[in-house]
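Below you'll find the structure, written out as structure tokens, and then a few comments.
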């Protein structure tokens, strides 16, 4: 039976506490903190990180990738294709964006299941990622967090079988954004809850259980979405599940991560269930999706390393000023320093493999891995000078050590000061690059690093992605 | 391969006051520098048979020289990043040595202040992606691209960062002292080690006073055949060596590149000493004008240029070897630290100091009985650099 074969999570390093927001606006804190994507991250970079996390390990690959989210940088141009290229999927993979609804993550999951069951694809990675913004001083500003989750759907090495699904739609305007809206809008909470959220979720969950002749006691966990903790607790009561069965929505730790939220919660549940136990997953947004999952013996494979735990525990608090700057919420005085060069679209196309997977070369004659710091094609070996005699060599999955560095107060960055350095990769090769997500106090020569796909700049109306090094957790 | 040694001579030089020349355009700076050189050489503009202009940002073509009013002679603009001024002299010297002309003008200019920026683009960007080919060039600032050397040098030779910072500060203090004696310098203020160490950090370990300023300026040289030189003046200055070495990004691509030296510097110096017939640079070079864009670069240059053994520059700094009254004075005019770095002008500005020193006309900065002067530039940085070494001397060697 088809099901989940592996999972990946990405939660950005940064947290903005609700108290900090409340202090800024003299409002009431809702409690906890929200995860905030770094200034060099967006829904695509977070999705890429989650997808890479999901495919990490021996020979794991996929022939399909579905991206789900409502805040991807491109509204016309496929985000899934960018993420699939970073995850190093073969060119003949099926890719699609599922968007415009917070339900799109589970819709993509059900579609992936259909693709796998029909034989159209062997393994499809579903990656949900969101970076939604609430207007300053508003309720959503404190509620919404950033994050991404990825699930691989396939038929071999299944860790949780998908036993069934159910969907219904509802034309109900409760949370929305139009093309012109930057911030999430919503109706009055009780109207949403009484006429939309609660009845629709109850209908979907009941119908799904009825269809499979299952009752609440047949599940060890129920995972369901909500817009905030109060709404979540309210529905939990109405559904007739025991409190011990209800998966914590993690809102107090990372905020509501939108499309990613339900899948992150599902991964949290899967990290705890025993083989043979069932999880009920329900997701709301312009209707509802429900799925029944059942853990296999292989579930223990993901429970040893607890990706979610490690992502949640690595964190760094930021202040409201950083948040304003990173999200471009106020205009800033333009820098008098030289700006970054604008990208060339044709140049980026030529170097697409370098951009996607930090692809360099390995010299067949002298065996030296190498990559050009500006991504230019290496035609002549930097060591033995042989010409055009290379194998492709990807640096994106290589760890390395900081050979030398400098803290750059003049670097054009929204998180000053900049840190850049010379990275010597384990196994050979060197790259001059920027670093990100660092703790300046801990930076030293010899510090172990890994590579991460980030937004470098915007220019000519496109997002210029490339790789940076970050301290190895 | 023949050496350029003693084939050509410089018979006139000019150098503007460097600084924030808000009142002067590129054309004013060019005219000031060129006419001082004409007068110094005792030539008329009509005597100039060919000209080479060095500039990076202040003009894309030889037409930039049009304000000089030279009449229909061959003129070319050259560019070699921070070694651009030296490159103009190299081109003019080769043309004269080849017999393509007998009297040539090498002139360099840069009007950085008109760019309206604080600082110049880092070398990861400059000269690589003029059209933003890939846009991958990271946002390293120019100080950052040299600060790497400081971080690694301290680590490699086990210097405590606080001690390393003081060592760098000594270099800034020395150059500012020299600059205070030079009316053409941009900065004339004296510094103390404490001031330098406590200045705001720009790119660790470099603070504000470890970095050179942003200035405007121009400098020029009249190059003639060596055998004609004494018809212009009794004390011509002979070109002993013209060397350039360009890296192929070894520092960015090979783990064996150590970041405690810059190989381009070592190679350019080696070529220059060979051409000039210098066996022991520490003993034979009388003074050096080196590329102190950042103090940590001057630190490693003492070793790269063969003045101090590897890791031992600190001993010479502490002994005052490179001070104005030391045994090998470095940056006697105040260096880039006090002149700023108008890229196209810097190399020729350094040679202007060597020229005056070798003629005994350096006023309060005059050193005793100089014979050979070295001018060094580096564009880019470690492993992606353009190093230039020029040796000038006041005597023809008796070959």
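The values are calculated or read from the model by the stated rules, or taken from the named source; none is laboratory data. Note that this is a predicted model, so its numbers are computed, not measured. Here the Cβ is made from the backbone with ideal geometry for all residues, glycine too, and neighbour counts use every protein chain on show.
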**Prompt:** residue A:337 passes all but one of (1) within 22 Å of residue A:412 (Cα to Cα); (2) more than 12 Å from chain B (Cβ to nearest Cβ); which number fails?
**Reply:** (2)
**Request:** Test residue B:336 against the criterion of being in the same structural domain as residue B:258 (by TED's automatic domain parsing), in contact with a helix residue (DSSP H, G or I) (Cβ under 6 Å, 6 or more places away or on another chain), crowded, with 21+ Cβ neighbours inside 10 Å and farther than 26 Å from residue B:158 by Cβ, and give yes or no.
**Result:** no
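Each row is one residue, and each column tells you yes or no for (1) in a helix (DSSP H, G or I); (2) over 15 Å from the mean Cα position of the chain (by Cα); (3) at pLDDT 95 or above.
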residue: B:245; (1), (2), (3): no, no, yes
residue: B:261; (1), (2), (3): no, yes, yes
residue: B:269; (1), (2), (3): yes, no, yes
residue: B:279; (1), (2), (3): no, yes, yes
residue: B:303; (1), (2), (3): yes, yes, yes
residue: B:316; (1), (2), (3): yes, yes, yes
residue: B:332; (1), (2), (3): no, no, yes
residue: B:337; (1), (2), (3): yes, no, yes
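Among residues belonging to region A:68-82 that are over 16 Å from residue A:7 (Cβ atoms) and touching a helix residue (DSSP H, G or I) at 6+ places or on another chain (Cβ under 7 Å), point out the one that is surrounded by the most Cβ atoms within 10 Å (Cβ to Cβ). Outline the logic, then answer.
Residues of region A:68-82 that are over 16 Å from residue A:7 (Cβ atoms), as a first pass: A:69-82.
Adding the requirement that they be touching a helix residue (DSSP H, G or I) at 6+ places or on another chain (Cβ under 7 Å) leaves A:69-73, A:79, A:82.
On the way: A:69: 31, A:70: 24, A:71: 21, A:72: 24, A:73: 17, A:79: 25, A:82: 24.
Taking the candidates together, the pick is A:69.
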**Asked** Which members of region B:226-243 meet the condition of being touching a residue at least 60 places away in the same chain (Cβ under 8 Å) and not in a helix (DSSP H, G or I)?
**Response** B:233, B:235, B:236, B:237, B:238, B:239, B:240, B:241, B:242, B:243
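Restricting attention to region A:402-415, does a residue exist that is assigned to a loop (DSSP other than H, G, I, E, B) and more than 8 Å from every other protein chain (Cβ to nearest Cβ)? Show your work before the answer.
Going residue by residue through region A:402-415, those that are assigned to a loop (DSSP other than H, G, I, E, B) are A:409-415.
Going one step further and asking which of them are more than 8 Å from every other protein chain (Cβ to nearest Cβ), we end up with A:414-415.
Among the residues of region A:402-415, at least one is assigned to a loop (DSSP other than H, G, I, E, B) and more than 8 Å from every other protein chain (Cβ to nearest Cβ), which makes the answer yes.
If I ask for residues that are more than 9 Å from chain B (Cβ to nearest Cβ) and at pLDDT 95 or above, which ones from region A:361-378 would you list? Step through it out loud before you land on a result.
First pass over region A:361-378, keeping only residues more than 9 Å from chain B (Cβ to nearest Cβ): A:361-367, A:369, A:377.
Answer for region A:361-378, where residues must be more than 9 Å from chain B (Cβ to nearest Cβ) and at pLDDT 95 or above: A:361, A:362, A:363, A:364, A:365, A:366, A:367, A:369.
May I ask you to list the residues in region A:250-267 that are out of contact with any strand residue (DSSP E or B) (no Cβ under 8 Å at 6 or more places or on another chain) and part of a helix (DSSP H, G or I)?
Kept after step one, since they are out of contact with any strand residue (DSSP E or B) (no Cβ under 8 Å at 6 or more places or on another chain), are these residues of region A:250-267: A:250-251.
Result: A:251, single match.
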**Among (1) touching a residue at least 40 places away in the same chain (Cβ under 8 Å); (2) farther than 19 Å from residue B:181 by Cβ; (3) surrounded by fewer than 24 Cβ atoms within 10 Å (Cβ to Cβ), the one test that residue B:297 misses** = (3)
**Message:** So residue A:45 passes all but one of these: (1) in contact with a strand residue (DSSP E or B) (Cβ under 6 Å, 6 or more places away or on another chain); (2) surrounded by 24 or more Cβ atoms within 10 Å (Cβ to Cβ); (3) outside any helix (DSSP H, G or I). Which condition number does it fail?
**Reply:** (3)
**Request:** Considering each residue of region A:14-42, count those that are under 20 Å from residue A:73 (Cα atoms) and part of a loop (DSSP other than H, G, I, E, B), and give that number.
**Result:** 6
**Message:** What's the total number of residues in region A:381-399 that are facing another protein chain (nearest Cβ under 10 Å) and surrounded by 14 or more Cβ atoms within 10 Å (Cβ to Cβ)?
**Reply:** 3
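When you look at residue A:100, is it surrounded by fewer than 19 Cβ atoms within 10 Å (Cβ to Cβ), within 23 Å of residue A:158 (Cβ to Cβ) and out of contact with any helix residue (DSSP H, G or I) (no Cβ under 9 Å at 6 or more places or on another chain), yes or no? Reasoning before the result, please.
On the way: surrounded by fewer than 19 Cβ atoms within 10 Å (Cβ to Cβ): yes; within 23 Å of residue A:158 (Cβ to Cβ): no; out of contact with any helix residue (DSSP H, G or I) (no Cβ under 9 Å at 6 or more places or on another chain): yes.
The answer is no for residue A:100.
Consider residue B:133 carefully, then state whether it is under 18 Å from residue B:342 (Cβ atoms), within 14 Å of chain A (Cβ to nearest Cβ), outside any helix (DSSP H, G or I) and at pLDDT below 95. It would help to see each step written out before you state the result.
On the way: under 18 Å from residue B:342 (Cβ atoms): no; within 14 Å of chain A (Cβ to nearest Cβ): yes; outside any helix (DSSP H, G or I): yes; at pLDDT below 95: yes.
When the stated conditions are applied, residue B:133 does not pass them.
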**Request:** Determine the pairs where a residue that is away from chain A (no Cβ under 12 Å), located within region B:140-166, has a partner that is not in a helix (DSSP H, G or I) with Cβ atoms under 8 Å apart, the partner being 6 or more residues away or on another chain.
**Result:** B:157/B:260; B:157/B:311; B:164/B:205; B:165/B:205; B:165/B:207
**Request:** Give the residues of region B:197-225 that are in contact (Cβ under 8 Å) with a residue 60 or more places away in the chain, more than 30 Å from residue B:25 (Cβ to Cβ) and more than 14 Å from every other protein chain (Cβ to nearest Cβ), sorted by residue number.
**Result:** B:225
**Asked** Within region A:178-196, how many residues are closer than 17 Å to residue A:69 by Cβ and touching a residue at least 12 places away in the same chain (Cβ under 8 Å)?
**Response** 4
**Prompt:** Hey, which of the strands (runs of 3 or more DSSP E) in region B:8-93, taking only ones fully inside, have at least 1 residues that are free of Cβ contacts under 8 Å to residues at least 24 places away in the same chain and in the same structural domain as residue B:352 (by TED's automatic domain parsing)?
**Reply:** none
**Request:** Within region A:346-360, track down each residue that is within 11 Å of chain B (Cβ to nearest Cβ) and buried (at least 18 other Cβ atoms within 10 Å of the Cβ).
**Result:** A:347, A:348, A:351, A:354, A:355, A:358, A:360
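What is the residue count in region A:416-427 for residues that are more than 21 Å from residue A:317 (Cα to Cα) and more than 7 Å from chain B (Cβ to nearest Cβ)? First the steps, then the outcome.
First, pick out the residues of region A:416-427 that are more than 21 Å from residue A:317 (Cα to Cα): A:420-427.
Of the ones still in play, those that are also more than 7 Å from chain B (Cβ to nearest Cβ) are A:421, A:423, A:425-427.
Matching residues across region A:416-427 total 5.
Taking region A:318-348 only, how many residues are closer than 24 Å to residue A:71 by Cα and either free of Cβ contacts under 8 Å to residues at least 40 places away in the same chain or outside any loop (DSSP other than H, G, I, E, B) (or both)?
Initially, region A:318-348 is screened for residues closer than 24 Å to residue A:71 by Cα, giving A:318-332, A:342-343, A:345, A:348.
Now restrict to residues that are either free of Cβ contacts under 8 Å to residues at least 40 places away in the same chain or outside any loop (DSSP other than H, G, I, E, B) (or both): A:320-326, A:328, A:330-332, A:345, A:348.
Count: 13.
Only one residue in B:196, B:223 is assigned to a strand (DSSP E or B) and in contact with a helix residue (DSSP H, G or I) (Cβ under 7 Å, 6 or more places away or on another chain). Which one? Reasoning before the result, please.
On the way: B:196 fails: assigned to a strand (DSSP E or B).
Within the list B:196, B:223, the selection yields B:223.
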**Request:** Filter region A:431-453 down to the residues that are at pLDDT below 95 and touching a helix residue (DSSP H, G or I) at 6+ places or on another chain (Cβ under 8 Å), then identify the one that is nearest to the other protein chains (Cβ to nearest Cβ).
**Result:** A:432
**Output for region A:220-249, where each listed residue is crowded, with 19+ Cβ neighbours inside 10 Å, outside any loop (DSSP other than H, G, I, E, B) and either outside the structural domain of residue A:165 (by TED's automatic domain parsing) or touching a residue at least 40 places away in the same chain (Cβ under 8 Å) (or both)** = A:221, A:222, A:223, A:224, A:231
